[in-house]
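The values are calculated or read from the model by the stated rules, or taken from the named source; none is laboratory data. Everything quoted here is computed from the prediction, not taken from an experiment. Every residue, glycine as well, gets a Cβ built from its backbone with ideal geometry; the counts of neighbours run over all protein chains shown.
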Amino acid sequence: MREMRYLWREALRMDNAKLVTALGREPHTPLDAAVETLVGRSRCARRVSIVASPSSANATCALDSR
């Protein structure tokens with residue numbers, strides 16, 4: 001573990017050219033599906049809303065005040 005500690009502190013970018021060549025395109029999980037899987041049906045699912053810009057992959061989480 002000590003040898004790999006630098007990976008937690010340093011940005012790592014990997015080339016996926018072979019994957020794209022094999023699949024034809026880079027696979028992506030839609031944001032809604034990823035959040036639903038992550039949060040599931042927990043109590044938190046009712047309190048968290050996701051706001052994402054359609055032109056951007058950036059998302060903001062906001063707690064519902066209810």
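Taken residue by residue, the range 29-41 has no member that is surrounded by 10 or more Cβ atoms within 10 Å (Cβ to Cβ), outside any helix (DSSP H, G or I) and either at pLDDT 80 or above or out of contact with any helix residue (DSSP H, G or I) (no Cβ under 9 Å at 6 or more places or on another chain) (or both). Kindly list, by first and then second residue, each pair from a residue in the range 10-28 that is modelled with pLDDT under 90 to a residue that is surrounded by 10 or more Cβ atoms within 10 Å (Cβ to Cβ), limited to pairs with Cβ atoms under 6 Å and residues at least 6 apart or on different chains. These pairs meet every condition: Glu26/Val20.
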